[in-house]
1. Could you tell me which residue of segment A:1-17 is nearest to the other protein chains (Cβ to nearest Cβ), considering only residues that are among the acidic types (Asp, Glu) and farther than 22 Å from B:Thr44 by Cα?
2. Taking B:Glu91 as the residue in question, decide whether it is surrounded by fewer than 21 Cβ atoms within 10 Å (Cβ to Cβ) and more than 14 Å from chain A (Cβ to nearest Cβ).
3. Here are A:Leu38, A:Leu20: which of them is within 14 Å of another protein chain (Cβ to nearest Cβ) and out of contact with any Cys (no Cβ under 6 Å at 6 or more places or on another chain)?
4. Being of a type outside the set (Ser, Thr, Tyr), under 26 Å from the mean Cα position of the chain (by Cα) and outside any loop (DSSP other than H, G, I, E, B): is that true of A:Leu20 here?
5. Counting only residues that are in contact (Cβ under 8 Å) with a residue 40 or more places away in the chain, buried (at least 24 other Cβ atoms within 10 Å of the Cβ) and either more than 16 Å from ligand 3 (Cβ to nearest atom) or at the interface with chain A (Cβ under 10 Å from one of its Cβ atoms) (or both), how many does segment B:29-67 have?
6. Select, from B:Gly84, B:Gly102, B:Gly72, the only residue that is without any contact (Cβ under 8 Å) to a residue 24 or more places away in the chain, among the small types (Gly, Ala, Ser) and more than 16 Å from ligand 2 (Cβ to nearest atom).
7. Could you check how many residues of segment A:138-155 are touching a residue at least 60 places away in the same chain (Cβ under 8 Å) and surrounded by 13 or more Cβ atoms within 10 Å (Cβ to Cβ)?
8. Could you please give the count of residues in segment B:108-154 that are within 11 Å of ligand 3 (Cβ to nearest atom) and either surrounded by fewer than 18 Cβ atoms within 10 Å (Cβ to Cβ) or over 19 Å from B:Leu75 (Cα atoms) (or both)?
Amino acid sequence: MIPGEFEYHAPATVDDAIQLLAQHPDDGKIIAGGHSLLPMMKLRFAEPAHLINIFEIPELKGITEEGSMLRIGAMTTESELIRSALINQKCPLIVEAAKMIADPQVRNRGTIGGDIAHGDPGNDHPAVMLALDADIVVKGPQGERTIAAKDFFLGTYVTALEPNEIITAIRVPASTPGTGYGFNKLKRKTGDFATAGATVVLHLKGNTCDEIRIALTNVGPTAFRAEAPEALLQGREIDDALIEQAAIKVMESCAPAEDLRGDAEYKCHMAAEMARRSIRDALARAKGN
Amino acid sequence: MAKKLIAFKLNNQPVEVLIEARELLVHVLREQLAQTGTHIGCETSHCGACTVDFNGESVKSCTVLAIQANGGEVLTVEGLAQNGTLHPLQEAFMQDHGLQCGFCTPGMLMRSFRFLQENPDPTEEEIRSGMAGNLCRCTGYQNIVKAVKSAAAKMQPA
Ligand SMILES: Cc1cc2nc3c(=O)[nH]c(=O)nc-3n(C[C@H](O)[C@H](O)[C@H](O)COP(=O)(O)OP(=O)(O)OC[C@H]3O[C@@H](n4cnc5c(N)ncnc54)[C@H](O)[C@@H]3O)c2cc1C
Ligand code: FES
Ligand code: FES
């Protein structure tokens with residue numbers, strides 16, 4: 001299996017890459033780690049005439065602290081996320097998610113920016129970004145703009161990114177005392193996408209949950225926030241009975257596609273179970289902080 | 001489409017090769033450079049048979065374009081033995097029966113080669129997760145894990 005023909009470009013800077021995209025508006029495509037795009041090109045699901053490699057652009061690499069936020073370059077690989085002392089310390093949720101993506105070799109190439117840009121409902125970073133309330137920093141011919149994660153994921157392979165824009169970075173809040181997270185993903189085997197996944201970030205004030213985000217993976221056309229169970233838990237002291245009620249609301253919010261991983265009913269139940277576990281994990285961590 | 005000349009280091013030797021941009025690294029290694037040690041199993045980045053070392057990291061060479069290797073360093077299973085002496089990992093796979101049909105073995109060796117540099121003294125569980133991108137249809141993995149563990153012990157600085 002070999003991709004179709006294309007012309008290859010390796011721009012040295014983000015601005016050069018944006019210019020190349022502008023020159024090839026209909027048939028130009030960015031390649032990052034290539035671990036979603038090359039498989040699609042082999043199958044002719046994608047046939048770009050111009051392939052623009054941004055994987056090596058130095059401006060798109062690296063993790064830095066900006067006040068209470070962390071800025072992660074879009075071309076940071078999953079392996080680099082897992083190894084980063086800063087991410088381990090200030091946003092361990094991302095490390096936990098990255099470890100559950102694919103396998104070591106794939107994680108050496110796959111990037112956080114590519115995972116977010118791709119738009120597959122099975123990608124794991126989108127729900128993490130939703131739960132963290134992250135900002136996606138993008139750049140186009142008109143300059144830079146920031147898109148909130150909640151406005152970014154619009155449907156399967158559809159995002160708020162314009163065709164002439166590139167994701168340059170992700171900004172996530174560093175964890176604060178009283179904040180807890182939970183990440184649970186059911187998969188059949190290493191290297192498989194989620195049958196269902198749930199990411200939860202919550203904040204406790206005393207014993208009251210004053211902030212909660214529940215985001216689900218692979219149980220809808222894209223990753224999404226389950227707002228009904230969030231509304232149920234917000235402002236409450238979360239106990240087992242409430243978690244049960246929230247789990248039912250998670251189930252009601254899912255619209256998974258049936259595939260080899262299971263039928264819709266099974267996946268809804270699994271999403272609910274992942275949400276139960278993630279709420280419990282998040283509560284325990286919030287109390288431990 | 002015009003072919004492009006790329007240059008990279010293959011097993012510490014400089015090589016130059018004329019390629020099409022769409023060619024995958026594994027195809028160029030096998031078909032142009034006649035290094036057929038690197039195997040093609042699935043061609044869909046699942047099995048790990050095509051694993052090579054690229055700029056100090058394990059990658060699946062069926063999912064890297066050869067043109068991306070331009071200027072880089074690639075190590076394949078052909079580069080493991082030095083002056084006719086097998087690498088401790090190759091020796092261990094032989095002694096511990098870490099292979100049966102041998103199809104997955106080049107990928108297993110190249111992944112474990114890099115893995116032991118990332119983690120020179122791994123537990124069994126760490127070996128299993130570090131090698132999770134490589135599939136074997138024959139051995140049931142027990143002897144592969146054993147081989148990696150015994151190679152790790154041999155490779156410890158005295
Ligand atoms: C065996 C296997 C198992 C996998 N399992 C998982 C899994 O469990 N969970 C998971 O989340 N993923 C999984 N993946 C997907 C993998 O994580 C991909 O690497 C990821 O989805 C895409 O990142 P990439 O850097 O490889 O992007 P590419 O494949 O290079 O690009 C993907 C798409 O995003 C666009 N793009 C990339 N970067 C940018 C940017 N900065 N700006 C604008 N557009 C951009 C490209 O044009 C392309 O359309 C798996 C892949 C494989 C091969
Ligand atoms: S041939 Fe590359 S992973 Fe199977
Ligand atoms: S020895 Fe046959 S596939 Fe591993």
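1. The qualifying residue nearest to the other protein chains (Cβ to nearest Cβ) is A:Glu7.
2. On the way: surrounded by fewer than 21 Cβ atoms within 10 Å (Cβ to Cβ): yes; more than 14 Å from chain A (Cβ to nearest Cβ): yes.
Answer is yes for this residue.
3. A:Leu38
4. Judged against the criteria, A:Leu20 is not a match.
5. Looking only at that region, the number is 10.
6. On the way: B:Gly102 fails: more than 16 Å from ligand 2 (Cβ to nearest atom); B:Gly72 fails: without any contact (Cβ under 8 Å) to a residue 24 or more places away in the chain.
Residue meeting the stated conditions: B:Gly84.
7. Residues flagged as touching a residue at least 60 places away in the same chain (Cβ under 8 Å) and surrounded by 13 or more Cβ atoms within 10 Å (Cβ to Cβ) within segment A:138-155 amount to 5.
8. 9
The values are calculated or read from the model by the stated rules, or taken from the named source; none is laboratory data. Source: prediction; values computed, not measured. Using ideal geometry, Cβ is built from the backbone for each residue, glycine included, and neighbour counts are taken over all protein chains shown.
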